[in-house]
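A short worksheet on the structure shown next.
Values quoted throughout were computed directly from the atomic coordinates according to the rules given, and no laboratory measurement underlies them. Bear in mind the structure is a predicted one, so any value in this text is a computation, not a measurement. Glycine also receives a Cβ, built like all others from the backbone with ideal geometry; neighbour counts cover every protein chain displayed.
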Amino acid sequence: MALSSVLRQPGTRRALLNLVAFELGWLACVLGGSWIAAPVAFVILTLHLVWQAKPGEWRWLAGFAAMGLVVDGGLTLIGGFDFGDQPLMFGVLPLWIWLLWPLFATLLHHSLAWLWQYPWLAVLGGAISGPASYYAGAQLADVTLASWLLPVQALVWGLLCLWLAIHFGRSERRTSPA
């Protein structure tokens with residue numbers, strides 16, 4: 001199948017739009033800081049919920065927002081991040097880094113839906129791309145990372161992606177015809 005015919009398929013276009021929206025949100029958060037991140041993330045998340053989200057998907061966005069506060073907030077409290085003089089939400093995280101979590105959750109049922117059928121690939125992808133994203137973001141946003149943070153992030157994101165693969169793989173098996 002030619003690339004042009006694949007791109008004409010509605011599912012492919014929606015997945016690509018989902019991925020592009022996430023990347024724009026990531027860039028707005030990392031490069032723009034909290035004042036730019038807030039309105040951009042609000043627009044992306046709202047448009048996602050209105051036009052692309054599956055019923056009940058808002059729970060995943062809210063859950064990942066809470067998880068981001070716990071995971072990144074906890075890692076900040078134990079010295080993993082140094083945000084310098086950036087204003088902190090709840091005294092632990094800049095708004096822009098927290099917003100990356102619900103933005104990532106917009107990918108779960110769309111651009112990344114295929115990945116959850118391959119647990120080993122999900123673990124590998126999480127363990128590599130999670131820390132890589134933190135490293136790139138830290139370089140662009142002038143955030144200092146503790147020397148131990150990236151290996152911890154590899155573990156966190158590898159395990160998180162394993163859990164997602166198990167969860168979505170199990171739900172896929174329950175909904176598949178026998």
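Using a 7 Å offset from the Cα along the Cα-to-Cβ direction at both ASP85 and LEU16, what is the distance between the two label points in nm, to one decimal?
Rounded to a tenth, the inter-label distance reads 4.4 nm.
By how many degrees, between 0 and 90 and to the nearest 10, does the Cα long axis of helix 10-47 differ from the longest principal axis of the chain?
In the chain, helix 10-47 runs at an angle near 10 degrees to the longest axis.
Using Cα pairs under 8 angstrom and six or more residues apart, how large is the relative contact order of the chain, in percent?
Relative contact order, the chain: 25 percent.
How much length is gained on full extension from LEU159 to ILE78, taking 0.36 nm per residue of separation minus their Cα-Cα distance?
27.1 nm
Please give the net charge around LEU149, taking every other residue with its beta carbon less than 13 angstrom from that of LEU149, where Lys and Arg add +1 and Asp and Glu add -1.
Values: positive: none; negative: ASP72, ASP82.
Net charge around LEU149: -2.
Given a Förster radius of 25 Å and the C-beta distance between LEU124 and PHE42 as r, what FRET efficiency does 1/(1 + (r/R0)^6) yield to the nearest 0.05?
After rounding, the FRET efficiency stands at 0.15.
Output ³J(HN,Hα) for region 84-93: one whole-Hz value per residue in order, computed from phi by the Karplus curve 6.51 cos²θ - 1.76 cosθ + 1.60 with θ = phi - 60°, and x for Gly and Pro.
x, 9, 5, x, 10, 7, 6, x, 10, 9
How would you classify the chain from its alpha-carbon gyration tensor, with a ≥ b ≥ c the square roots of the eigenvalues: rounded for a/c under 1.5, else prolate if a/b is greater than b/c, otherwise oblate?
Prolate shape, in that a/c is at least 1.5 and a/b is the bigger ratio.
For TRP35 and ARG59 in one chain, what is 0.36 nm times their gap in residues minus the Cα-Cα distance, to one decimal in nm?
6.1 nm
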